[in-house]
């Protein structure tokens, strides 16, 4: 792998540089990053290719490796550390309450605030204090591609901005609502970091009371979303689109709620990722008429 040697601290700043090969991951160790270089640009070294990783699954959020589920064995933890050289390894045991506060265990090193780059966006967060839905990255990109400039979009469960920011970057006017005070602080910082403050209005509190006016698109990225359909539908019109997340298919509940609100609903269900045995994280694209 042809690579340039740079301080790890500048990785976020050079992510979009012409010479950086976006198809390959930098190798980071002890504060130094070896960044893959595109053909035709000079490099500092030609590093040997690393063997494919086949160990315990994890997500790298900034420079912290995040695991879910059962605790890893010592061998699994050692393999993760060897593979991605993280500053720390964090195990998320679950999330509690409407504010989705993570229950975590630090397995290695130190974990704190990170600056995570994903699909051209910057997300500042502490993965030990707030939820980061990295497993939804394809869904974030899909929503960003569906949004049209000028749309008025409600993000009812904005979190740190993982749907709001891509939607705003696509030209939407986004009303981002978040009930968790810590996540809301990161949401405001991420709006500024991604230069979309002119297109995002952020409000702290319960989205059911913050919804206002009529929206072209409603993002409902919470597994309790089906229970709040009546609140969302009260702020839609014929032609509005809702993206309703759930565990398992919620088509029947969506059609019932739409009928009660005086609408017909065209529903397309998609699987996002496996949630557990015989259970899928689903998203339903709903067009009301």
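In a residue-by-residue description of the range 66-89, the property of being crowded, with 20+ Cβ neighbours inside 10 Å, touching a residue at least 12 places away in the same chain (Cβ under 8 Å) and either under 15 Å from the mean Cα position of the chain (by Cα) or assigned by TED's automatic domain parsing to the domain that holds residue 161 (or both) applies to at least one position. Close Cβ contacts (under 6 Å, 6 or more residues apart or on different chains) running from residues in the range 199-221 that are within 19 Å of residue 180 (Cα to Cα) to residues that are part of a loop (DSSP other than H, G, I, E, B) comprise 206/179; 207/156; 211/235; 219/163; 220/156; 221/157; 221/163. Could you tell me whether residue 256 is surrounded by fewer than 18 Cβ atoms within 10 Å (Cβ to Cβ), under 20 Å from the mean Cα position of the chain (by Cα) and under 21 Å from residue 215 (Cα atoms)? Against the criterion (surrounded by fewer than 18 Cβ atoms within 10 Å (Cβ to Cβ), under 20 Å from the mean Cα position of the chain (by Cα) and under 21 Å from residue 215 (Cα atoms)), residue 256 does not qualify. Number of residues in the range 144-173 that are touching a helix residue (DSSP H, G or I) at 6+ places or on another chain (Cβ under 6 Å), touching a residue at least 40 places away in the same chain (Cβ under 8 Å) and surrounded by fewer than 24 Cβ atoms within 10 Å (Cβ to Cβ): the value is 1.
Reported count of residues in the range 33-61, each being within 19 Å of residue 6 (Cβ to Cβ) and in contact with a helix residue (DSSP H, G or I) (Cβ under 9 Å, 6 or more places away or on another chain), is 4. For first residues located in the range 1-15 and within 13 Å of residue 62 (Cβ to Cβ), partners that are surrounded by fewer than 11 Cβ atoms within 10 Å (Cβ to Cβ) and lie 6+ apart or on another chain with Cβ distances below 6 Å form the pairs 8/31. Which numbered condition in (1) over 23 Å from residue 137 (Cβ atoms); (2) part of a loop (DSSP other than H, G, I, E, B) is the only one that residue 107 fails? So residue 107 meets the others, but not (2). For the range 22-32, filtered to residues that are on the phi < 0 side of the Ramachandran plot and either modelled with pLDDT of 90 or more or touching a helix residue (DSSP H, G or I) at 6+ places or on another chain (Cβ under 8 Å) (or both), the residue that is surrounded by the fewest Cβ atoms within 10 Å (Cβ to Cβ) is 32. Of the residues making up the range 1-11, those that are surrounded by 15 or more Cβ atoms within 10 Å (Cβ to Cβ) and out of contact with any helix residue (DSSP H, G or I) (no Cβ under 7 Å at 6 or more places or on another chain) are 1, 2, 3, 4, 8, 11.
Put simply, of 183, 176 the only residue that is on the phi < 0 side of the Ramachandran plot, in contact (Cβ under 8 Å) with a residue 40 or more places away in the chain and under 17 Å from the mean Cα position of the chain (by Cα) is 183. None of 222, 235 is within 22 Å of residue 95 (Cα to Cα), outside any strand (DSSP E or B) and in contact with a strand residue (DSSP E or B) (Cβ under 9 Å, 6 or more places away or on another chain) except 222.
The values are calculated or read from the model by the stated rules, or taken from the named source; none is laboratory data. Bear in mind that the values here come from a model prediction, so they are computed numbers and not experimental data. In this analysis, Cβ positions are derived from the backbone assuming ideal geometry, glycine residues included, and neighbour counts consider all displayed protein chains.
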